[in-house]
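The values are calculated or read from the model by the stated rules, or taken from the named source; none is laboratory data. The structure presented is a predicted model; accordingly, all values stated were derived computationally and were not measured. So basically every Cβ, Gly included, is an ideal-geometry build from the backbone, and we count neighbours across all protein chains shown.
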Ligand code: NAP
């Protein structure tokens, strides 16, 4: 019998792992909690970055391979348990990503107006769990804490030209709210210097290319000693920042200010729970690459704060979890117990394996490494020995556990519906953002889907 693997999580890591497994001759059932595939490509990548999203074409090819099945709307820990999967598959690959965000741990962090970037991103990208969020965007100034690409995405989305935004796949509720927003001044705070920022070069450079946005960089803050000794990305970042700092100011434009060597120490507001009125920050100096507070403080008045300081994994079922690192406990992709002993038939890929780092393509090699471990284990008879591995029985069982489960054809029906809704407006798609409407769209007949596809061509 062909060995069968359940991959849990249909983001890039899950798809890259599925692809390698299919090529190696395994059958793959790809499960996702949402009825839609593609994880952060759908609900993380910024709407104004459509070219990054074209990676879904690669994943579509994977889905077309023999031995692949998709079960969207099946949640591990809710519809099915870890033990259920181990009973039916020779191997289970966890590709669940890192769902939680890091907290600053400072007073005032939970005031109204202080938000996690994760939730803002989920909201503007139409993740069903983000739909009910509300963001009061009447304020003029927002502070974004963090110097990574997510912080840049959030800052850019707040100031993106509204006509440009209207041509993207941003969720309709966010399009309405962002179009009416008053935000015209965004301050991006880095706790370390420009050479230590986690931005990648294209993302930083893009800030300088935004319509009607002046990027405000203080020349003295980006005057880095010995830039030649820096790694290539950091050196280019510093060069980009120096170029931006040398540009003449445009007083009529909306403004994005990049400020370095500053850490928030308190989110200010009236009383204990009053809305945000500002951020108290301390100036830092660098000591052996670390940010050390100088004691010199300032207040940045604002009514909106987004913390964008990285993600961390969430413990799932009773899968061994390394609390300190916020990851599934593993060795080179094999899930391990506390003593480091690999558990038979359990593997991990992507951010929940190595932490939230790298770009989408980074997950390809990461997934290949884990699949290499699976092949070694298959060779050595160390995969699981499930008592109920029959593929047809398994599909029936999943349909019982999750009656609203969506198969690949169902996703294609959703996709066709969304693309058709976007077409008259010159948008790539209009996303369905609520589970009942997604499930209803998935139930449209495949005949309707294929008719639409033919017309598209
Ligand atoms: P990230 O790249 O790890 O950046 C996190 C930032 O938060 C760093 O600047 C970090 O500073 C800062 N930080 C951490 N703790 C802090 C604290 N207590 N106070 C102040 N600042 C703090 O994380 P991310 O932006 O969430 O991105 C996650 C991954 O997704 C990255 O690999 C990123 O490149 C990728 N991504 C890529 C794109 C794209 O390619 N367009 C878009 C979005 C995300 P320190 O360095 O000092 O720790």
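Might you check whether a residue that is away from the ligand (no atom under 12 Å from the Cβ), crowded, with 23+ Cβ neighbours inside 10 Å and not in a strand (DSSP E or B) occurs anywhere in region 136-158?
Step one: filter region 136-158 for residues away from the ligand (no atom under 12 Å from the Cβ), giving 136-142, 158.
Narrowing further to those that are crowded, with 23+ Cβ neighbours inside 10 Å: 142, 158.
Checking the rest, the ones that are also not in a strand (DSSP E or B) come to 158.
So far as region 136-158 goes, yes, one or more of its residues are away from the ligand (no atom under 12 Å from the Cβ), crowded, with 23+ Cβ neighbours inside 10 Å and not in a strand (DSSP E or B).
Would you be able to tell me the number of residues in region 46-59 that are without any contact (Cβ under 8 Å) to a residue 12 or more places away in the chain and in a helix (DSSP H, G or I)?
2
Please count how many residues of region 405-457 are in contact with a helix residue (DSSP H, G or I) (Cβ under 6 Å, 6 or more places away or on another chain) and modelled with pLDDT under 95.
4
Find the strands (runs of 3 or more DSSP E) located wholly in region 300-372 whose residues include 2 or more that are within 16 Å of the ligand (Cβ to nearest atom), within 29 Å of residue 197 (Cα to Cα) and under 23 Å from the mean Cα position of the chain (by Cα), and list them.
Fully inside region 300-372 and qualifying: 304-307.
How many of the residues in region 378-392 are in contact (Cβ under 8 Å) with a residue 24 or more places away in the chain and either on the phi > 0 side of the Ramachandran plot or in a helix (DSSP H, G or I) (or both)?
Of the residues in that region, 2 qualify.
What number of residues in region 184-213 are crowded, with 18+ Cβ neighbours inside 10 Å, away from the ligand (no atom under 14 Å from the Cβ) and more than 27 Å from residue 265 (Cα to Cα)?
Of the residues in region 184-213, 2 are crowded, with 18+ Cβ neighbours inside 10 Å, away from the ligand (no atom under 14 Å from the Cβ) and more than 27 Å from residue 265 (Cα to Cα).
Would you call residue 39 under 21 Å from residue 434 (Cβ atoms) and surrounded by fewer than 22 Cβ atoms within 10 Å (Cβ to Cβ)?
no
Residues in region 337-350: is at least one closer than 20 Å to residue 102 by Cα and in contact (Cβ under 8 Å) with a residue 12 or more places away in the chain?
Yes, region 337-350 has at least one match.
Can you find a residue that is outside any loop (DSSP other than H, G, I, E, B) and farther than 20 Å from residue 313 by Cβ anywhere in region 36-45?
No, region 36-45 contains no residue that is outside any loop (DSSP other than H, G, I, E, B) and farther than 20 Å from residue 313 by Cβ.
Can you name the residue in region 74-96 that is assigned to a loop (DSSP other than H, G, I, E, B) and crowded, with 22+ Cβ neighbours inside 10 Å and is also farthest from the ligand (Cβ to nearest atom) among such residues? Break it down into steps so the answer makes sense when it comes.
Of all residues in region 74-96, those assigned to a loop (DSSP other than H, G, I, E, B) come to 74-75, 77-79, 81, 89-90, 95-96.
Checking the rest, the ones that are also crowded, with 22+ Cβ neighbours inside 10 Å come to 74, 89-90, 95-96.
Details: 74: 26, 89: 29, 90: 32, 95: 16, 96: 16 Å.
By that ranking, first place goes to 90.
From 3, 24, 17, 63, which residue is in contact with a strand residue (DSSP E or B) (Cβ under 6 Å, 6 or more places away or on another chain), in contact (Cβ under 8 Å) with a residue 60 or more places away in the chain and more than 16 Å from the ligand (Cβ to nearest atom)?
17 is the lone residue from the list that is in contact with a strand residue (DSSP E or B) (Cβ under 6 Å, 6 or more places away or on another chain), in contact (Cβ under 8 Å) with a residue 60 or more places away in the chain and more than 16 Å from the ligand (Cβ to nearest atom).
Evaluate the following for residue 383: is it over 30 Å from residue 49 (Cβ atoms) and touching a helix residue (DSSP H, G or I) at 6+ places or on another chain (Cβ under 6 Å)?
In short, yes.
Among the numbered conditions (1) assigned to a helix (DSSP H, G or I); (2) surrounded by fewer than 20 Cβ atoms within 10 Å (Cβ to Cβ), tell me where residue 105 comes up short.
Exception for residue 105: condition (1).
Do we find a residue being farther than 27 Å from residue 333 by Cα, in contact with a helix residue (DSSP H, G or I) (Cβ under 9 Å, 6 or more places away or on another chain), in contact (Cβ under 8 Å) with a residue 12 or more places away in the chain and away from the ligand (no atom under 14 Å from the Cβ) anywhere in region 104-114?
Scanning region 104-114 turns up no residue that is farther than 27 Å from residue 333 by Cα, in contact with a helix residue (DSSP H, G or I) (Cβ under 9 Å, 6 or more places away or on another chain), in contact (Cβ under 8 Å) with a residue 12 or more places away in the chain and away from the ligand (no atom under 14 Å from the Cβ).
Do you know which residues across region 288-299 are at pLDDT 95 or above and either more than 14 Å from the ligand (Cβ to nearest atom) or farther than 21 Å from residue 105 by Cβ (or both)? Before you say what the answer is, go through the steps one by one.
Taking region 288-299 first, the residues at pLDDT 95 or above are 290-299.
Selection gives 294, 295, 296, 297, 298, 299.
On the basis of being more than 26 Å from residue 292 (Cα to Cα) and in contact with a strand residue (DSSP E or B) (Cβ under 8 Å, 6 or more places away or on another chain), does residue 262 make the cut?
no
For residue 120, are the conditions met, namely being in contact with a strand residue (DSSP E or B) (Cβ under 7 Å, 6 or more places away or on another chain) and within 14 Å of the ligand (Cβ to nearest atom)? Spell out how you get there, then give the answer.
Working: in contact with a strand residue (DSSP E or B) (Cβ under 7 Å, 6 or more places away or on another chain): yes; within 14 Å of the ligand (Cβ to nearest atom): yes.
Spelling it out, residue 120 is indeed in contact with a strand residue (DSSP E or B) (Cβ under 7 Å, 6 or more places away or on another chain) and within 14 Å of the ligand (Cβ to nearest atom).
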